[in-house]
1. Treat each spin label as a single point 7 Å out from the Cα along the C-beta direction, and report the Asn91 to Glu241 distance in nm.
2. Across all directions of projection, what mean area in square nanometres is found for the Cα convex hull of the range 192-258?
3. To the nearest µm²/s, what D does Stokes-Einstein give for the range 35-136 at 25 °C and 0.890 mPa s, using the Kirkwood radius over alpha carbon pairs as Rh?
4. At a 10 angstrom cut-off on C-beta neighbours, averaged per residue, how do the peptides 327-335, 239-247, 171-179 rank from highest to lowest?
5. With each label point set 7 Å from Cα along the Cα-Cβ vector, what nm distance links Lys50 and Arg296?
6. Tell me the label-point distance for the pair Arg101, Asp388, using the 7 Å Cα-to-Cβ offset, in nm and rounded to one decimal.
7. Just want to confirm a number: the relative contact order over the range 305-420, from Cα pairs under 8 angstrom separated by 6+ residues, in percent.
8. Going 7 Å from the Cα of Asp325 toward and past its Cβ, which residues in the range 347-373 have a backbone nitrogen under 16 Å from where you end up?
Amino acid sequence: MKALVALGLLALLALAPPLPARLAGEELWSESGFFVDLPEGFRLKEGDGKSRFSFEDPAGGLEFDILAYDSGRFAGAEAFANDSLVRIGSNGERETFVYERRNAVFAELSFSLGGARKRGYAIFIEAARPPAAPAAQAAPPRPATPDFTAPPGSAPSGATGATGAAAAEKHVALLAFCDEARFEAYADFILSSLDCFSADRAARRSPGPLSQYLLPWPAAREETRKVVFGGESFVLPFSTEEAEQCAGVAGREFRVLEAYGETEDLWKAAWARCYRMIYRESARRLDRLALELDRRLPDDPTEAARRLLAWVQDWKYERDLEGIDFVDPFSAAHESRGDCDSRAMVMAIVLERRGVDAILMLSRDYSHAMAGVDVPGGGQRFSFGGKDWLVAETTAKVGIGMIAAAQSDWKKWLGVSFGD
């Protein structure tokens, strides 16, 4: 069945429904502890605000449901899946896997609803109880009603730094489906919806549930790649299969983004979400690389950012105009190649891992990307999210804080933040 789902990653969006104008959304989090980063324009259709949430796309053709149940209700993920699928009369193949140390089931959906035949996929995640955080950590304010709200920078009630205790006590079902006749047109949106769920706060920088089903996480790395940094080289374990998984997710998300090309009010938010989804696929996969670089970087954050910038500026400039024109961060960092956005993302991920805030900067007008870093120092700064970010041009060999005069109109730049 994994091969069937992988084919969905190649589905074309030529038949996708048009996206009407609507205010863009944000990443949402629940009081139950989990997060979702749905495709732009999706709206809450119905639900009880606590244990059931039903979203639909702007055209009303795709439904994405989240169902949460107390841990004592089912014996495990398989019992949870069996009960749920019997209730809706769905048949199809199913497989067990592990998502964020939780047992889970991936299932094909095929059932009738309202006289129409529906098709899609579902993921059932068993409740788990990760270790509690230190008691000294204060709980943040509770979110307002309804249960889902934004911002990702505020932890849900009951959540702690690495995990959400409330989420650990819930079984969660994710169901994404549409009319059977439109399944191919919606395939990428269905897969992206399932993959945008995070079981808790820490999982927001881990591969999504669908990704962990397609390739067990953490992935086995039996190959190696040599990385050169500051005149010194070191060898890291590598996996071609893992790189292909990252590239597949990037391709899927860029195809989802294409559906927003003609919208006036959604494309910016959709663009940002596309890179957030790519970020979460690669962030933890780059932890080993970030650790090795951290050992070679100075404590001073500005100097560390300068050395990382010089590192990515030395990479092989690579574009694929026949494909999605993007090298995923995992491959880019291990093989020292890529375009401006790949380099900026790797730089941001490494800095974020060592506790330095960084963002991705995008410009459709300039067809360019840069990094923005929250460090002291002189130079050009981009205001976004309440901070003035020191710019980092990753393709031209210029110092941090420098930007071409022809690209310095800040109104033509979009900021994308990752993590918190």
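1. The two pseudo-label positions are separated by 3.2 nm.
2. Mean orientational projected area (the range 192-258, Cα hull): 6.2 nm².
3. The diffusion coefficient I find is 160 µm²/s.
4. 327-335, 171-179, 239-247
5. 5.4
6. That separation, rounded to one decimal, is 4.3 nm.
7. Value for the range 305-420: 23 percent.
8. The answer is 362-370, whose backbone nitrogens lie closer than 16 Å to the label point.
Where a number appears in this text, it was derived from the coordinates with a stated rule and is not lab data. Computed from a predicted structure; not experimentally measured. Cβ sites come from the backbone with ideal geometry, for glycine too, and all protein chains shown count toward neighbours.
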